[in-house]
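Step one of this worksheet: look at the structure below.
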Amino acid sequence: NSGVMSLLRPLLLDVVPTIQQTAALALGRLANYNDDLAEAVVKGDILPQLVCSLSEQNRFYKKAAAFVLRAVGKHSPQLAQAIVQCGALEMLVICLEDFDPGVKEAASWAIGYIARHNSELSQAVVDAGAVPLLVLCIQEPEIALKRIAASTLSDISKHSPELAQTVVDAGAIAHLAQMILNPDAKLKRQVLSALSQIAKHSVDLAELVVEAEIFPVVLTCLKDSDEYVKKNGATLIREIAKHTPELSQLIVNAGGVAAVIDCIGSCRGTVRLPGIMVLGYVAAHSENLSMAVIVSKGIPPLCACLIEEHEDHIKAAAAWALGQVGRHTPEHARAVAVANVLPTLLAMYVDTRSSEDLQMKASIFVTKKALKNILQKCTYLPALEPLLHDAPPNIMKHIIGQFSKVLPHDSKARRLFVTTGGLKKVQEIKAESGSLLQEYINTINNCYPEEIVR
């Protein structure tokens with residue numbers, strides 16, 4: 001407000017180098033604060049000046065100038081675009097070849113902040129020739145430079161398969177995979193994130209990541225003391241598991257499912273989410289893979305998530321995963337039902353139905369689908385019986401449907417159904433004549449002599 005910007009601008013061309021650097025640093029800090037100030041730096045024509053002096057100044061000035069560019073570019077795609085338009089990207093790429101690791105780090109950071117916004121800006125970074133130089137940066141000895149270069153590669157890869165392929169073609173996977181065991185937690189976070197962003201796009205890219213022999217090494221990350229390393233490790237496994245049964249099988253063979261289950265059991269909150277999704281994706285592919293989740297004792301921790309977690313999206317993910325485990329055969333459904341999960345799912349469904357919140361609406365849809373998936377295969381009647389008293393009509397239809405399948409062929413179950421009051425409950429259900437529900441009820445009633453039904 002006091003017109004400082006216009007006073008700082010001429011200082012960028014001062015004869016004393018330290019004044020130039022300090023002026024650049026001041027501009028960077030202003031621009032970093034919010035997008036209005038970053039906007040002012042762009043409007044004040046400061047960027048062209050920075051760019052033109054980037055090439056000939058000393059390393060301190062280069063670092064300060066890269067900081068200004070990063071501070072401007074981080075706020076929005078429009079501001080990042082302004083940096084690209086004034087030719088700064090080419091200058092930053094030249095800085096990636098600088099002798100000083102601090103200059104490389106500052107340049108890499110600024111480039112990452114440009115690339116993260118969208119695929120067009122990411123493409124501009126690729127076209128400027130940044131990727132091969134970033135791959136060289138992750139091989140440098142300085143940890144800070146490795147971290148930021150890995151983070152930038154992650155930001156470039158995330159937008160599209162084509163961009164991820166460019167990163168792969170530059171040979172990034174092998175170098176990233178070698179750093180999974182690095183003792184530095186912050187570096188591991190970025191490395192796992194970059195590999196996830198590459199693997200998520202397609203089967204081919206996921207297979208390339210797996211071929212770099214990340215298993216079983218990546219499983220050690222699930223035991224890491226750093227929460228983000230755990231989370232990013234599980235996310236990487238999730239991005240591989242989702243593609244094909246073969247990739248999921250590979251994870252199971254490497255002991256991945258057991259490791260993920262331990263991980264879910266040992267943490268709380270959003271760190272659990274990718275692990276929950278891994279179990280869901282693995283179980284979704286086939287009966288055998290779903291059985292692998294059951295045998296590894298995957299159901300109890302998923303049930304625990306339903307009860308312990310307070311956030312809807314985590315509960316919904318656990319419900320979805322249980323639905324994927326239970327939907328294959330009666331045996332699968334029974335494994336889920338025996339864990340006493342159906343009443344919890346039903347309570348969640350009934351509880352959220354009254355909600356107006358959109359996120360709740362999404363989780364209710366997931367929960368209903370999970371319930372249906374399990375109920376349509378469940379022939380284990382003791383688990384279904386308690387639901388007869390609380391289920392809303394649209395769920396009741398599936399429960400009664402299962403009874404109508406089992407009771408005609410099982411005399412012991414028929415006796416129990418009378419003594420526990422199940423048959424009485426069925427008589428109280430109001431069904432429209434000719435509806436599917438009425439058919440199910442008739443089938444059940446036909447199993448018994450008329451006087452018992454009466």
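The values are calculated or read from the model by the stated rules, or taken from the named source; none is laboratory data. Bear in mind the structure is a predicted one, so any value in this text is a computation, not a measurement. Using ideal geometry, Cβ is built from the backbone for each residue, glycine included, and neighbour counts are taken over all protein chains shown. Ligands, DNA and RNA are excluded from the accessible area calculation, which covers all protein heavy atoms including side chains. Shrake-Rupley method; radii C 1.70, N 1.55, O 1.52, S 1.80 Å.
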Exercise. Under 14 Å from a point 7 Å along the Cα-to-Cβ line of CYS52: which residues of region 82-107 have their amide N that close?
Worked result: 86-88
For this session: May I ask you to rank PHE403, PHE365 by accessible area, largest first, using a 1.4 Å probe over the protein chains only?
Result: PHE365, PHE403
Problem set entry | Extension gain (nm, one decimal) between HIS313 and GLU120, 0.36 nm per residue minus Cα-Cα | 66.4 nm
Seminar exercise, completed: Given a 1.4 Å probe, the accessible area of region 1-169 per residue, as a whole number of Å², is 44
Exercise. When the Karplus curve 6.51 cos²θ - 1.76 cosθ + 1.60 is applied with θ = phi - 60°, which whole-Hz ³J(HN,Hα) does each residue of region 64-75 get, with x for Gly and Pro?
Worked result: 5, 5, 5, 4, 4, 4, 5, 5, 6, x, 6, 6
Seminar exercise, completed: Measure of exposure for GLU308: accessible area at 1.4 Å probe, Å² rounded to 10, is 70
Seminar exercise, completed: Other residues with Cβ under 11 Å from the Cβ of ASN182 give, with Lys and Arg +1 and Asp and Glu -1, a net charge of +4
For this session: Keeping every protein chain in place, order ILE399, ILE143 by accessible area at 1.4 Å, biggest value first, i.e. largest first.
Result: ILE143, ILE399
Problem set entry | Value of relative contact order over the chain, rounded to a whole percent, pairs C-alpha under 8 Å and six or more apart | 7
For this session: Would you mind checking the pairs LYS62/LYS230; LYS62/LYS186; LYS188/LYS369; LYS74/LYS368; LYS242/LYS372; LYS158/LYS372 and listing those with alpha carbons more than 29 angstrom apart?
Result: LYS62/LYS230; LYS188/LYS369; LYS74/LYS368; LYS158/LYS372
For this session: Could you size up the charge dipole of the chain around its Cα centre, putting +1 on the beta carbon of Lys and Arg and -1 on that of Asp and Glu, and report it in debye to the nearest 20?
Result: 1480
Exercise. What percentage of the solvent-accessible surface of region 1-75, computed with a 1.4 Å probe over protein heavy atoms, is contributed by carbon and sulfur atoms?
Worked result: 56
Seminar exercise, completed: Expected field for LYS62, accessible surface area in Å² at 1.4 Å probe radius, rounded to 10, holds 30
Seminar exercise, completed: Dipole check, the chain, charges on Cβ (K,R +1; D,E -1), about Cα centroid: among PRO301, LEU187, ALA284 the Cα furthest to the positive pole belongs to PRO301
Exercise. Taking only Cα atoms, what is the 0 to 90° angle, nearest 10, from helix 185-199's long axis to the longest principal axis of the chain?
Worked result: 70
For this session: Compute the FRET efficiency between ASP390 and GLU162 as 1/(1 + (r/R0)^6), taking r as their Cβ-Cβ distance and R0 = 41 Å, and round to the nearest 0.05.
Result: 0.20
Exercise. Pulled fully out, how much extra length does the chain show between LYS405 and LYS430, if you take 0.36 nm times their separation in residues and subtract their Cα-Cα distance?
Worked result: 7.0 nm
For this session: Could you go through region 121-134 in sequence order and give the Karplus-derived ³J(HN,Hα) for each residue, using 6.51 cos²θ - 1.76 cosθ + 1.60 with θ = phi - 60°, rounded to whole Hz, and x for Gly and Pro?
Result: 5, 5, 5, 4, 5, 5, 5, 6, x, 6, 4, x, 6, 5
For this session: Positive end of the charge dipole of region 379-453 (Lys, Arg +1 and Asp, Glu -1 on Cβ, about the Cα centre): tell me which of ILE441, GLY422, LEU381 has its Cα farthest that way.
Result: LEU381
Exercise. When only the heavy atoms of the protein chains count and the probe is 1.4 Å, how do GLU450, GLU309 rank by accessible area, highest first?
Worked result: GLU450, GLU309
Problem set entry | Between region 159-187 and region 198-257, the Cα center-to-center distance that results, in Å | 13
For this session: Specify whether the C-alpha gyration tensor of region 1-98 places it in the rounded, prolate or oblate class, a ≥ b ≥ c being the square roots of the eigenvalues: rounded for a/c under 1.5, otherwise prolate if a/b is larger than b/c and oblate if not.
Result: oblate
Seminar exercise, completed: Scoring only Lys, Arg, Asp and Glu (+1, +1, -1, -1) among other residues with Cβ under 12 Å from the Cβ of VAL167 yields -2
For this session: Please sort by residue number the GluC sites (Glu not before Pro) in region 87-144 whose DSSP state is loop and whose Cβ has at most 16 other Cβ atoms within 10 Å.
Result: GLU97, GLU142
For this session: Using a cut-off of 11 Å between beta-carbons, work out the net charge of the residues near SER404 (Lys and Arg +1, Asp and Glu -1, SER404 not included).
Result: +1
Exercise. How much accessible surface area, in Å² rounded to 10, belongs to the heavy atoms of THR329 with a 1.4 Å probe?
Worked result: 30
Problem set entry | Identified option (computed mean projected area of the Cα convex hull in nm²; candidates (1) 28.0; (2) 26.1; (3) 21.1) | (2)
For this session: Pop out the carbon and sulfur fraction of the accessible area of region 379-453 as a percent, whole number, probe 1.4 Å.
Result: 52
Exercise. Any idea of the accessible area per residue across region 296-454, 1.4 Å probe, to the nearest Å²?
Worked result: 51
For this session: Would you mind telling me the share, in percent, of accessible area of region 269-331 contributed by carbon and sulfur at probe 1.4 angstrom?
Result: 57
For this session: With a 10 Å radius around each residue's Cβ, average the other Cβ atoms per peptide and rank 13-22, 415-424, highest first.
Result: 415-424, 13-22
